[in-house]
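The values are calculated or read from the model by the stated rules, or taken from the named source; none is laboratory data. Just so it is clear, the model here is predicted, and its values are computed rather than measured. Here Cβ is always computed from backbone atoms with ideal geometry, including for glycine, and neighbour counts include all displayed protein chains.
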């Protein structure tokens, strides 16, 4: 309970909007995939990462595989992988476009994904070529419900 209270105060201090779930945080300003990636859209620019739900299920992240800058990604297709002490998991792109940047900090500290998957732990930045694809993604309420239903099955 103290951790949740601290997290709420920290979120308020940092002006972060988030839903509080028993297992994961779901920021309100992002869109989500069924394979547990998030995307933050700013014009035609999209920042992509894996969700809190995903990183908690993976455990300690030890390596991230990236595509090259300039390469293309397609919506819902794999572009890389996240390896943890427990498993390796493909990372799928929520949107189509051209890779313009990857988070080089993850080469030296892949655990940034565990520490803060929505800020310092982002993975890719993509220049979208089909911005309407965002409409096919889940909003925070839909994603929260999806995770709850998925967790109930396991």
- Message: Which residue is nearest to residue 122 (Cα to Cα), if the candidates are limited to the range 68-86 and must be in contact with a helix residue (DSSP H, G or I) (Cβ under 8 Å, 6 or more places away or on another chain) and surrounded by 14 or more Cβ atoms within 10 Å (Cβ to Cβ)?
- Response: 82
- Query: Hey, among the residues in the range 98-108 that are in contact with a helix residue (DSSP H, G or I) (Cβ under 9 Å, 6 or more places away or on another chain) and surrounded by 14 or more Cβ atoms within 10 Å (Cβ to Cβ), which one's nearest to residue 76 (Cα to Cα)?
  - Reply: 103
- Test for residue 44: is it closer than 22 Å to residue 27 by Cβ, surrounded by 21 or more Cβ atoms within 10 Å (Cβ to Cβ) and over 12 Å from the mean Cα position of the chain (by Cα): no
- Message: Can you find, within the range 56-67, the residue that is surrounded by the fewest Cβ atoms within 10 Å (Cβ to Cβ) among those that are at pLDDT 95 or above and under 17 Å from residue 122 (Cβ atoms)?
- Response: 63
- Being free of Cβ contacts under 8 Å to residues at least 24 places away in the same chain and surrounded by 14 or more Cβ atoms within 10 Å (Cβ to Cβ), is that true of even one residue in the range 129-142? no
- Task: Give the residue that is surrounded by the most Cβ atoms within 10 Å (Cβ to Cβ), with candidates limited to residues of the range 113-128 that are more than 25 Å from residue 70 (Cα to Cα) and within 12 Å of the chain's Cα centre (by Cα).
- Result: 114
